[in-house]
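Trainee: First, the structure itself, so that you have it in front of you.
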Amino acid sequence: MTGPRSRTVALVIALAVGAVLFVGGVLALLKPQVSQPAQPASVARGGAGSRNSIPALEARAKAVPNDYVSLASLGLAYVEQARVTIDSSYYPKAEEVLRRSLEINAQDNYPACLGMAALAAGRHRFPEAKSWAEQGIQINEANSALYGVLSDAETQLGNYPAAFDAAQRMVDLSPDTASLARASYTWELRGDLVQAEALMQRALKSAGTADDKAFAHYFLGELAFDSGDFKTALREYEKGQATGSRYIPLLQGIAKVQAAMGKTDAAVRNYAKVVDLSPEPGWVIEYGELLESLGKQERAQKQYRLFEELTKQFEANGEKPDVDATLFYANHGQPERALAIAEENIQTRSFLMVQDSYAWSLHNIGRHAEALEWSRKARSLGMRNANLYYHAGMINLALGDKAAAEADLKTALEINPQFSPLRSRTARDTLAQLAAGR
């Protein structure tokens, strides 16, 4: 069930962590005028901090309209609130105040550069995110959050050595939960899950708040789930909940692992709670596909309609459709629409998940040879992801290479036998048909 979406969310959350870490510092500078906010991590991981700080920052911006630092802080808070609430209407608000900040001071305003970088990344405009992060670093090369956003952008652009260097620089400047989690991801991309887990364990040990601990437990659970270790995954998600944090992804993780373990009634109930609390598009798709796998077509279609509504809202507020949209339309009978989104993304982003979604969209319109080349590129870094191998297997089957198809599908199921409630079943059925045909 997990796959491209879960790791994309990891990037977005890590981005928010870095961004809001700086917001906390700015608010501290404004202590005489603004009450001290919650710990940055609680803001970054879905707590109430950013929501509570917005009115104070808005009041400060109104009272002192030329305070470019306050405006930059407000812009960052808006970007974070868009992530927390899945409300992309905060993006235009963020852009407006960040540009006001830059109009007041365009020379050494690295807080606004950080805000613009975070905004661009949130909208999936990663060349812009990279440019703004680099501008900020030229002003202040000691700000770890800027290197975090730069690492995210370079990753999405497929510039992996630069991304890994930026992540390491972030760790060097601030070896905390946020930076160590990002470093963990760099190793996951390379297929080194031992190192990825070790760094997430360090991130957990560095956690100073309940939200930090919940965040680390969640991604330890994700590493376990993506490797097919459902018991460990469930244990990590539950440990995260035991911290007292209200971090919503933990409930999504529990729902996902319940579905994988056959506890589908509980999974459906928890997914319903998750999408009600936070209709993150990837989670909406997961819930819909679980319902579809259980024969609950009407309820599944309701979730799919919600996904399309969310996509329209995001586009209206300047966010480009992402991998989730490509795969959704490719998997649900709209291959031409999937290809159009994938073609737009691949022009500017060489991230392996974008390459894989492009391969899958090409496959779904019958361009199998091209699809295989892009699938190979997507797997060339070494990431161990069941979706990547499932796509490769089905593409090879379409090309008539049954041996390669069998090998790839077996690998997908070895990595995670329940990577999707729909497609893991297809993988097993296809393998059975290949075995029967021998």
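Trainee: From 208, 148, 228, grab the single residue that is surrounded by fewer than 24 Cβ atoms within 10 Å (Cβ to Cβ) and within 30 Å of residue 346 (Cα to Cα).
Mentor: Working: 208 fails: within 30 Å of residue 346 (Cα to Cα); 148 fails: surrounded by fewer than 24 Cβ atoms within 10 Å (Cβ to Cβ).
It is 228.
Trainee: Would you please name the residue that is nearest to residue 106 (Cα to Cα), looking only at residues in the range 124-136 that are among the hydrophobic types (A, V, I, L, M, F, W, C) and either out of contact with any Lys or Arg (no Cβ under 9 Å at 6 or more places or on another chain) or surrounded by fewer than 19 Cβ atoms within 10 Å (Cβ to Cβ) (or both)? Write out each step before concluding.
Mentor: Filtering the range 124-136 down to residues among the hydrophobic types (A, V, I, L, M, F, W, C) leaves 126, 129, 132-133.
Remaining after also requiring either out of contact with any Lys or Arg (no Cβ under 9 Å at 6 or more places or on another chain) or surrounded by fewer than 19 Cβ atoms within 10 Å (Cβ to Cβ) (or both): 132-133.
Working: 132: 12, 133: 14 Å.
Among those residues, the one meeting the criterion is 132.
Trainee: Given the options 298, 280, 308, name the one that is modelled with pLDDT under 95 and not aliphatic (A, V, I, L, M). Spell out how you get there, then give the answer.
Mentor: Details: 298 fails: modelled with pLDDT under 95; 308 fails: modelled with pLDDT under 95.
Matching residue, one of 298, 280, 308: 280.
Trainee: Which of the residues spanning the range 98-156 are within 19 Å of residue 318 (Cα to Cα) and not in a helix (DSSP H, G or I)?
Mentor: 123, 124, 125, listed by residue number.
Trainee: Follow-up question, since we're still on this one. When residue 165 is evaluated against the numbered criteria (1) surrounded by fewer than 23 Cβ atoms within 10 Å (Cβ to Cβ); (2) more than 21 Å from residue 103 (Cα to Cα); (3) without any contact (Cβ under 8 Å) to a residue 60 or more places away in the chain; (4) touching a Leu at 6+ places or on another chain (Cβ under 7 Å), which criterion, by number, is the only one it fails?
Mentor: (4)
Trainee: While we're here: Being surrounded by fewer than 18 Cβ atoms within 10 Å (Cβ to Cβ) and aliphatic (A, V, I, L, M) is the filter here; which residues of the range 60-85 pass it?
Mentor: Answer for the range 60-85, where residues must be surrounded by fewer than 18 Cβ atoms within 10 Å (Cβ to Cβ) and aliphatic (A, V, I, L, M): 63, 64.
Trainee: Moving on to the next point. Across the range 181-198, what is the total count of residues that are within 15 Å of residue 147 (Cα to Cα) and of a type in the set (D, E, K, R)?
Mentor: The total comes to 1.
Trainee: Tell me, which residue of the range 382-408 that is within 19 Å of residue 322 (Cβ to Cβ) and aliphatic (A, V, I, L, M) is surrounded by the most Cβ atoms within 10 Å (Cβ to Cβ)? Please lay out each step first, then the result.
Mentor: Restricting attention to the range 382-408, the residues satisfying the condition of being within 19 Å of residue 322 (Cβ to Cβ) are 383, 385, 387-388, 391.
Filter once more, keeping what is aliphatic (A, V, I, L, M): 383, 388.
On the way: 383: 20, 388: 25.
For the range 382-408, the residue satisfying everything is 388.
Trainee: Let me ask something additional. Whether any residue in the range 284-294 is farther than 20 Å from residue 421 by Cβ and touching a residue at least 12 places away in the same chain (Cβ under 8 Å) is what I want to check. Walk me through how you get there before you give the answer.
Mentor: Step one: list which residues in the range 284-294 are farther than 20 Å from residue 421 by Cβ, which gives none.
No: zero hits.
Trainee: Still on this structure, please answer the following. Looking only at the range 186-207, which residues are closer than 23 Å to residue 252 by Cα and assigned to a loop (DSSP other than H, G, I, E, B)?
Mentor: 207 - this is the single residue of the range 186-207 that is closer than 23 Å to residue 252 by Cα and assigned to a loop (DSSP other than H, G, I, E, B).
Table: residues versus (1) closer than 25 Å to residue 86 by Cβ; (2) touching a residue at least 60 places away in the same chain (Cβ under 8 Å); (3) of a type in the set (S, T, N, Q).
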position	(1), (2), (3)
194	no, no, no
197	no, no, no
222	yes, yes, no
233	yes, no, no
238	yes, no, no
241	yes, no, yes
245	yes, yes, yes
253	yes, no, no
256	yes, yes, no
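Trainee: Something else: Any idea how many residues of the range 263-304 are outside any helix (DSSP H, G or I) and either touching an Asp or Glu at 6+ places or on another chain (Cβ under 6 Å) or buried (at least 18 other Cβ atoms within 10 Å of the Cβ) (or both)?
Mentor: So the first thing to find is which residues in the range 263-304 are outside any helix (DSSP H, G or I), and the list is 263, 278-280, 294-296.
When the remaining residues are screened for being either touching an Asp or Glu at 6+ places or on another chain (Cβ under 6 Å) or buried (at least 18 other Cβ atoms within 10 Å of the Cβ) (or both), the result is 278-280.
Qualifying residue count, the range 263-304: 3.
Trainee: Also: If you check every pair at least six apart or on different chains, which have Cβ atoms under 7 Å apart with a residue in the range 327-339 that is surrounded by fewer than 20 Cβ atoms within 10 Å (Cβ to Cβ) first and a residue that is assigned to a loop (DSSP other than H, G, I, E, B) second?
Mentor: Qualifying pairs under 7 Å: 335/365; 336/365.
Trainee: Here is a follow-up. Tell me, yes or no, whether the range 368-375 has at least one residue that is touching a His at 6+ places or on another chain (Cβ under 8 Å) and surrounded by 24 or more Cβ atoms within 10 Å (Cβ to Cβ).
Mentor: Scanning the range 368-375 turns up at least one residue that is touching a His at 6+ places or on another chain (Cβ under 8 Å) and surrounded by 24 or more Cβ atoms within 10 Å (Cβ to Cβ).
The values are calculated or read from the model by the stated rules, or taken from the named source; none is laboratory data. Quantities reported herein were computed from a predicted structural model and do not represent experimental measurements. Neighbour counts are summed over all protein chains in view; Cβ atoms, including those assigned to glycine, are modelled from backbone coordinates with ideal geometry.
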